[in-house]
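Chemist: I'd like to ask you about the structure that follows.
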Number of protein chains: 2
Amino acid sequence: MASSETATPAKGLWAPALTALDEDLAPDPGRTVAHVRRLLDEGCHGVALFGTTGEATSFSVDERKAVLEAALEAGVPAGRLMVGTGCCALTDSLELTRHAAGLGCKRVLMLPPFYYKGVSDEGLHAAYAEVIERTGDEALEVVLYHFPRLSAVPITHGLVESLLTAYPGTIAGIKDSSGDPEGCAHFIARFPDLGIFPGTEAIMLDMLEKGAAGCISASANVNAPAIRRVWDAWQAGREDRESLQDEITATRLVLQANPMIPTLKQILAHRLGDSAWLRLRPPLTTLAGAQAAQLETELARLGFGLAAA
Amino acid sequence: MASSETATPAKGLWAPALTALDEDLAPDPGRTVAHVRRLLDEGCHGVALFGTTGEATSFSVDERKAVLEAALEAGVPAGRLMVGTGCCALTDSLELTRHAAGLGCKRVLMLPPFYYKGVSDEGLHAAYAEVIERTGDEALEVVLYHFPRLSAVPITHGLVESLLTAYPGTIAGIKDSSGDPEGCAHFIARFPDLGIFPGTEAIMLDMLEKGAAGCISASANVNAPAIRRVWDAWQAGREDRESLQDEITATRLVLQANPMIPTLKQILAHRLGDSAWLRLRPPLTTLAGAQAAQLETELARLGFGLAAA
C-alpha cells in the first residue's frame, strides 16, 4: 500500500482515467491500473479516478474502492490521484471520501448529489458540509465538480462562496465540465485562490492565460502527450503554443463528435490491440461498426496515432 | 420475517412512503415502518418503498435493505410492497432487486440508470436486462419508472416494447411521473397489458377511465383516505366520483405548490406531533417557516385535516 503523502495543489494536465471492464462488466483493476500508469508516463501530472469518463456512477462503492486500492498497491503515488467520491447518497459519498483520505488520497472530486433537480444552494451546501465534517480530515482537498449537462445540478457561485467561507482550507478547486469558456472565465475571476480546471482541452490555453490551474480532460486518455506539449509551451512562454493548441483542438472536435466514452475506449482498444477495452457498463454502449470506422478515418486524416505504440 | 407470497398484479392506490430520519440523518426504520402500516390502514392498496418521495437515491444500498427488512419483520405483507431498486450502478440495482425478491417482494419499481443523459434505448434495455437476468427470478415483476423531470432519462415506447418482447412475464407496469395526461394516455393505449400508474392523483379518475391500473402518488402519504374514496366511487360507478376527484385535485394543487417532499414531511410532523418527521437528507431541505405557515393556512382553507388523528 502506498504511504500517505501530503497533497500538493493540483496543477497541469489531469486525465480522468477510463475504467476497463472484465467479461462480467465489473471493473478490471489490472487493465485499469496499467492504464493509469501509462497516463502518468505519457505526461499527465495526475489522474482522476472515477470521474464521468471513468463511468464512476455506474459502479458500486465497493467496486470503486477496490480499483483505488489496486492502484495504490501497484505503486501509483496517492498524491498524483484525484478520487471521484460524489454520489447521490450522502453515506456513499462519505464512505468513498473516508476511504480515499484514509489511504492518503486527500484530493477528491465531488459531484453534488444529482438525482433531485432544482434543489437549493443551502441543500447542496449541507450535502458537501456533511461529507467534509464527517470525514474530519484536515488535509482533505475537495474539487467541486460542475457538469450541468450530465448532473443537471450546477455548482453556482453562491454555493462555492458559502463552502469557501465554511471550509476555506478544504475547498480546493472546481472542475468545470460545462464546456463554456465564459462560465469558466467567471469561475477563475471570481475565485482566484481556487484551482479551476476546464473539462476540455479545446479551451485550455485560453483558460490558462486567464488563470486556470490546468485541465482535466477525457481526451487525455488517448492524447496526453500532445495536450502536455501545449502546457509545456505555455509554461515556457513559447510561441508555438497557439499552433499546438490548434492541433489538440482539431483532435478534440473529432473525438467529441461521437459519444465520448465509447469513442475513447474504441481508440484505446485499437491502439493496444486489446478488445477488452471496448466493454462499457450499461447504459453506455460501444460505437456501432460504421461509427467506429468513420472515427478512425477522421483521426487518420489528422495524423492521429491509432497504431499500437 | 414475512413469508414469500405470490405477487398479484398491482392495482389501486399505492403510496410511495416517506422515509423518516434519525438525528444522524439515517433512515429511522421504526417510524418509517409505522408510517407504512398507517398508510395500509388508511386504505392504500400497497406501498412503494424507496421511490422518489422516499428519498431513495439519497440512501446507500445497505440503508435501503435495512428498512425493507424492518418492514417485513414488522409483518407488512411482501405482496403489498413495491420496492424501489433502480440505481445508477448496475451492481447496486442488482443487489437491491435480488434482496427484495429473496425476501418475497417480487414487485420492484426501477428507475433507469440516471447519471448519463441522452443514452440509447439499446443501452437502457441492456441495463434492465442485466438486472432481470442476473436476478433470475421467474416471479419478478418490474414496474418501469418514468420520471423525466428528475431522472432526465425518459422511458420511451421503444424501450418498453423491446423489454416486453424480451421479458414478457417480467415487465409488469409503468409508473408515469411525468404529470402529463396525454403521455400517460399514450402509455395506456399502447401497452394495454401493462399496469400503468400515473404519479399524480390530479389525473387519477381520467386515467382510470382510460384504463390505468391505479395511481402511485406522493400525496397519499397525507391524503390516502380521500384518494381511496375516488377509487371506490369509480369502482362502484358512483356519480360522486367527479366531485370527489375535484376535492383531491384541489388538495394536490396546494401540496405541489411547494417542494413536495418537504411539504409532506411538514404535514406529517404537524399531524403526528412529531418533529422528527421534519428531517430530510441533503440536498433536500425543510420548508422555511413562512412557507410552512402559508401551506397550513391554505390547507386549512380546504378543510384539510392537519390536527392529530
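The values are calculated or read from the model by the stated rules, or taken from the named source; none is laboratory data. The structure displayed is predicted, hence computed values, not measured ones. Cβ atoms come from the backbone with ideal geometry, glycine included; neighbour counts cover every protein chain shown.
Chemist: Quick test for you: out of B:Ala288, B:Ala293, B:Ala269, pick the one residue that is within 26 Å of B:Thr32 (Cα to Cα) and buried (at least 18 other Cβ atoms within 10 Å of the Cβ).
Modeler: B:Ala269
Chemist: Do the conditions hold for A:Ala56, that is, is it small (Gly, Ala, Ser) and over 30 Å from B:Arg149 (Cβ atoms)?
Modeler: no
Chemist: Could you please let me know if B:Glu201 is touching a strand residue (DSSP E or B) at 6+ places or on another chain (Cβ under 7 Å), acidic (Asp, Glu) and at pLDDT 95 or above?
Modeler: Answer is yes for this residue.
Chemist: For segment B:136-161: of the residues being farther than 19 Å from B:Lys175 by Cβ and not acidic (Asp, Glu), which is surrounded by the fewest Cβ atoms within 10 Å (Cβ to Cβ)?
Modeler: Restricting to residues being farther than 19 Å from B:Lys175 by Cβ and not acidic (Asp, Glu), the top hit is B:Gly136.
Chemist: Further question on the same structure: Restricted to segment A:112-141, and to residues that are in a loop (DSSP other than H, G, I, E, B) and within 21 Å of the chain's Cα centre (by Cα), which residue is farthest from the other protein chains (Cβ to nearest Cβ)?
Modeler: So, considering only residues that are in a loop (DSSP other than H, G, I, E, B) and within 21 Å of the chain's Cα centre (by Cα), the one farthest from the other protein chains (Cβ to nearest Cβ) is A:Ala139.
Chemist: Still on this structure, please answer the following. Working carefully through the options A:Glu138, A:Glu182, find the one that is touching a residue at least 12 places away in the same chain (Cβ under 8 Å) and acidic (Asp, Glu).
Modeler: Answer to the check: A:Glu138.
Chemist: For A:Tyr145, state whether it is part of a helix (DSSP H, G or I), in contact (Cβ under 8 Å) with a residue 24 or more places away in the chain and of a type in the set (Phe, Trp, Tyr).
Modeler: For A:Tyr145, the condition - part of a helix (DSSP H, G or I), in contact (Cβ under 8 Å) with a residue 24 or more places away in the chain and of a type in the set (Phe, Trp, Tyr) - is not met.
Chemist: Among A:Ile174, A:Ile155, A:Ile132, A:Ile196, which is over 19 Å from A:Gly51 (Cβ atoms) and in contact with a strand residue (DSSP E or B) (Cβ under 8 Å, 6 or more places away or on another chain)?
Modeler: Unique residue meeting the criteria: A:Ile132.
Chemist: Next question. Out of contact with any Ser or Thr (no Cβ under 9 Å at 6 or more places or on another chain) and crowded, with 23+ Cβ neighbours inside 10 Å - does that describe any residue in segment B:11-32?
Modeler: So far as segment B:11-32 goes, no, none of its residues is out of contact with any Ser or Thr (no Cβ under 9 Å at 6 or more places or on another chain) and crowded, with 23+ Cβ neighbours inside 10 Å.
Chemist: Of the residues B:Leu299, B:Leu244, which single one is assigned to a helix (DSSP H, G or I), at pLDDT 95 or above, more than 18 Å from the chain's Cα centre (by Cα) and crowded, with 18+ Cβ neighbours inside 10 Å?
Modeler: Among B:Leu299, B:Leu244, only B:Leu244 is assigned to a helix (DSSP H, G or I), at pLDDT 95 or above, more than 18 Å from the chain's Cα centre (by Cα) and crowded, with 18+ Cβ neighbours inside 10 Å.
Chemist: Now, a different point. Hey, does segment A:226-240 have a residue that's closer than 21 Å to A:Val131 by Cβ and free of Cβ contacts under 8 Å to residues at least 40 places away in the same chain?
Modeler: Looking for residues that are closer than 21 Å to A:Val131 by Cβ and free of Cβ contacts under 8 Å to residues at least 40 places away in the same chain, one finds none in segment A:226-240, hence no.
Chemist: If you scan segment B:260-274, which residues turn out to be farther than 25 Å from B:Ser60 by Cβ and without any contact (Cβ under 8 Å) to a residue 40 or more places away in the chain?
Modeler: Within segment B:260-274, B:Thr263, B:Gln266, B:His270, B:Leu272, B:Gly273 qualify.
Chemist: Considering A:Thr52, A:Thr32, A:Thr57, A:Thr91, which residue is among the polar types (S, T, N, Q) and more than 24 Å from A:Ile132 (Cα to Cα)?
Modeler: Of A:Thr52, A:Thr32, A:Thr57, A:Thr91, the one residue that is among the polar types (S, T, N, Q) and more than 24 Å from A:Ile132 (Cα to Cα) is A:Thr32.
Chemist: Do you know which residues across segment A:148-203 are of a type in the set (Lys, Arg) and closer than 26 Å to A:Asp137 by Cβ?
Modeler: A:Lys175
Chemist: Of a type in the set (Val, Ile, Thr) and in a helix (DSSP H, G or I) - does that describe any residue in segment A:275-288?
Modeler: no
Chemist: Scan segment A:185-206 for residues that are over 16 Å from the mean Cα position of the chain (by Cα) and surrounded by 24 or more Cβ atoms within 10 Å (Cβ to Cβ) and jot them down.
Modeler: A:Phe187
Chemist: Taking B:Thr251, is it in contact (Cβ under 8 Å) with a residue 40 or more places away in the chain and polar (S, T, N, Q)?
Modeler: Yes.
Chemist: Pull up segment B:52-110, narrow it to residues that are of a type in the set (D, E, K, R) and within 14 Å of chain A (Cβ to nearest Cβ), then point me to the one that is surrounded by the fewest Cβ atoms within 10 Å (Cβ to Cβ).
Modeler: Per the stated criteria, the residue is B:Asp62.
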